[in-house]
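The values are calculated or read from the model by the stated rules, or taken from the named source; none is laboratory data. In this text the structure is predicted, and so the values were computed from the model without any measurement. We place every Cβ from the backbone using ideal geometry, glycine too, and count neighbours over all the protein chains shown. We work out accessible area using only protein heavy atoms, side chains counted, and drop any ligands, DNA or RNA first. Shrake-Rupley method; radii C 1.70, N 1.55, O 1.52, S 1.80 Å.
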Amino acid sequence: MTDLRAELCQNLGKWCQIHIEPHMEHDDAEGKFRMEIFQGLGAQGYTGITVPEDFGGAGLSYADYVAVLEEMAKYSVAYAVTVSVSNMVQTILLNYGNEAQKQKYLPALTNGTEIGAFALSESHAGSDAASLKTMAKKVAGGYSLNGTKMWITSAGVAKTYIVMARTGGEGSKGVSAFIIRDGDKGFTYGKAEKKMGWKTSPTRELVFENCFVPEENRLLAEGEGFKVAMGGLDRGRIAIGAIGVGCAQRALDEAIKYSLGRVQFSQPIFDFQGLQFMMADMALEVEASRLLVQRAAELIDNNQSPSKLASMAKLKATDTAMYVTTEAVQIHGGVGYTSEYPVERFMRDAKVLQIVEGTNQIQRVVIARHLKKEYAP
Ligand code: CAA
């Protein structure tokens, strides 16, 4: 790890210990999101890591960014996800936005005064994202949007939304991407989801009823919205992998600490070989996942296509998060199942990492499609 990256993570860890950790048990129980925590992360420079300084970002590498996300997730998977989805919106604006769009929307996102959200999924269009039905009908000066988006992370607290809607015929080629702002006429929020985990991160529906979107708020040309979404997800999936590594690392730390202190049959339970083998395997999977996430991030830093490795990193690291958190609860025994120890929260938070930004089954589809292309005669 570079000195700069180590310092970034160390400072962030200290900040999270003071500003996030003390709230998590209460806020998880209450489902409370604190804007001041997100804005605090922004003030420390952690909400716009990869965006160039011209747009208010820190201008650091993607490899730095995944290290930062891993550290953040050790304290709160939910706040790390809020930062990562907002960062995905920033990378979309940076890679697909025109100069005016970048100037207008990026600075408030990079400095963390505002949050960004990404709206692709609909009730009937989850894994099959290209079947989305939200309509963007051409009208004078822009488009009129009608439809409902589902399971949108940060809905209601975000200000800038990247929304995929249909401007053409069926399938991926009929999809366009739009920038929509909180408060736009015809744009409201639907029901807030009650979830197993990520309780401090709001998840809601977006409802569009004759919502006017000016032409200047379309990203790229009509019909290029699916490419925008997939390009964003290529980067977002690596970030979700990094969060999986942080979640798993925290659970491993807790399991080792607990097993060294817990005495049964006159010895710390760590000294039973059965538990040692469990923790050795957990540590192995965390390290392997971290390396894969870092490798995928380096592809972005080297301007190479990250798609296949992004899916591999997301799949491996989030399965690791589920496996390690489950084992950590087991090692804690009865108290692991209570909120007295944080491992049950991390176990609940791990589950949806295997689902968001493409289920781990969809990641296998993406990997297999790349393999087929690579091995095509
Ligand atoms: N980059 C750029 N373009 C891409 C691309 C990529 N990574 N992947 C595909 N495309 C392009 C293809 O080249 C193709 O264009 P052409 O026809 O011009 O070649 C077009 O997009 C359609 O591609 P496919 O034929 O592969 O599309 P498909 O319908 O078979 O779907 C899929 C592919 C991988 C299954 C895709 O639908 C998918 O990723 N599904 C999962 C959806 C998802 O990840 N949702 C996440 C929601 S957001 C979220 O979870 C955030 C959160 O809350 C935390």
- Query: Which of the following residues is within 16 Å of the ligand (Cβ to nearest atom) and at pLDDT 95 or above: Lys195, Lys257?
  - Reply: Lys195
- Item | Out of Gly56, Gly42, Gly31, sole residue that is farther than 13 Å from Tyr79 by Cα and either assigned by TED's automatic domain parsing to the domain that holds Leu109 or touching a strand residue (DSSP E or B) at 6+ places or on another chain (Cβ under 7 Å) (or both) | Gly56
- Odd one out for Gln90 among (1) free of Cβ contacts under 8 Å to residues at least 60 places away in the same chain; (2) over 15 Å from the mean Cα position of the chain (by Cα); (3) closer than 24 Å to Ile162 by Cα: (2)
- Query: Of all residues in region 113-125 being in a loop (DSSP other than H, G, I, E, B) and surrounded by fewer than 24 Cβ atoms within 10 Å (Cβ to Cβ), which is nearest to the ligand (Cβ to nearest atom)?
  - Reply: Ser121
- Task: Please state which of the following conditions Lys185 fails to meet, knowing it meets all the rest: (1) in contact with a Cys (Cβ under 7 Å, 6 or more places away or on another chain); (2) among the basic types (Lys, Arg); (3) open to solvent by less than 30 Å² (accessible area, probe 1.4 Å).
- Result: (3)
- Message: Out of the residues in region 218-242 meeting the condition of being surrounded by fewer than 20 Cβ atoms within 10 Å (Cβ to Cβ) and touching a strand residue (DSSP E or B) at 6+ places or on another chain (Cβ under 9 Å), tell me which one is farthest from Gln294 (Cα to Cα).
- Response: Glu222
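Rundown of residues vs (1) closer than 12 Å to Leu206 by Cβ; (2) of a type outside the set (Phe, Trp, Tyr); (3) open to solvent by 10 Å² or more (accessible area, probe 1.4 Å); (4) at pLDDT below 95, yes/no style:
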site: Val139; (1), (2), (3), (4): no, yes, yes, no
site: Tyr143; (1), (2), (3), (4): no, no, no, no
site: Gly147; (1), (2), (3), (4): yes, yes, yes, no
site: Ala165; (1), (2), (3), (4): yes, yes, no, no
- Scan region 352-364 residue by residue and report those that are surrounded by fewer than 20 Cβ atoms within 10 Å (Cβ to Cβ) and closer than 10 Å to Lys308 by Cα. Arg364
- Note on the structure: Of the candidates Met24, Met88, Met35, Met72, the one satisfying the condition of being buried (at least 16 other Cβ atoms within 10 Å of the Cβ) and closer than 21 Å to Ala192 by Cβ is Met24
- Item | Residue that is more than 16 Å from the chain's Cα centre (by Cα), among the small types (Gly, Ala, Ser) and not in a loop (DSSP other than H, G, I, E, B), where the choices are Ala288, Ala350, Ala297 | Ala288
